[in-house]
Amino acid sequence: MVDIEDLLVRGGAGRIALLRYCVMSIRMEPVFVFLAQEYRYRPSHAGALALFDLFCGEHAAAKLAEYELLPPRQLGLSAAVTRVREQWHQMQSPPPHDENDLIAVMTPARDLFDTIVRGLRGDARFTALGASYDPQLTPQENLPGGKMTAGQRQFVEGVWNPVVKPRLTAAGFWQMRTIG
């Protein structure tokens, strides 16, 4: 049994292979856990909005499967992201003429996604990945039959590469350039 957490923390070629496999198999939970840990090191408005919009929001392109951990079940996260979004818009706009219209801009909380990460780590599907993933095989060889299904190919080519990967990279998650 492979320790998925260890692969995500250790880094190197093993982490890259695992993340590629997760993208190819549309298993976004380990990808999100990795990105949320990266976010904790360097919290930013762009990073918080990218993680929320791509993995947690109502119309997220790579939405996590754990609906109980996401809005509308978890309204606290939605409220926190609304404040981050307001600050982001203010940062992108020209300064207002009236100083009373300013919103205090603070770095987003580094623990913004911790509740989701804890829930994902405790989920049986996350831990089951360790039993089915073989780090001695390539990401493609880890797929059943060694091939992506039509749905998996559509996700990688139609969602991950043109939508998710560029947004994550633009938000400062540089290591995502090599995943996909």
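With each run of n ≥ 4 DSSP H residues scored as -39500 (n - 2.57), what mean residue ellipticity at 222 nm is computed for the chain after dividing by its residue count and rounding to the nearest 500 deg cm²/dmol?
-14500 deg cm²/dmol
Just in segment 1-84: which GluC sites (Glu not before Pro) are loop by DSSP and have at most 12 other Cβ atoms within 10 Å?
Here the sparse-neighbourhood loop sites are E58.
For segment 67-73, take each phi angle, set θ = phi - 60°, evaluate the Karplus expression 6.51 cos²θ - 1.76 cosθ + 1.60, and give the result in whole Hz per residue in order, putting x for glycine and proline.
4, 5, 8, 10, x, x, 5
Contact order normalised by length for the chain, with contacts defined as Cα pairs under 8 Å and 6 or more residues apart; what percent is it?
34 percent
Spin-label point model (7 Å from Cα, Cβ direction): what's the A109 to L137 distance in nm?
4.1 nm
Expected output is a single nm value to one decimal: the length gained when fully extending between D6 and A79, i.e. 0.36 nm times separation in residues minus the C-alpha distance. What is it?
Between D6 and A79, full extension yields 23.1 nm more.
When the chain is modelled as a GNM with alpha-carbon springs shorter than 10 Å, which of P144, P94, P72 fluctuates the most?
Answer for the Gaussian network model of the chain: P94.
Where nothing but the Cβ of Lys and Arg (+1) and of Asp and Glu (-1) is charged, how large is the charge dipole of the chain around its Cα centre, in debye to the nearest 20?
Computed charge dipole of the chain: roughly 480 debye.
State the Kirkwood hydrodynamic radius of segment 4-178 in Å, one decimal place, computed from all pairs of distinct Cα atoms.
17.2 Å
Values in this text are rule-based calculations from the coordinates and carry no lab data. Computed from a prediction, not measured in an experiment: that's the story for all the values here. We place every Cβ from the backbone using ideal geometry, glycine too, and count neighbours over all the protein chains shown.
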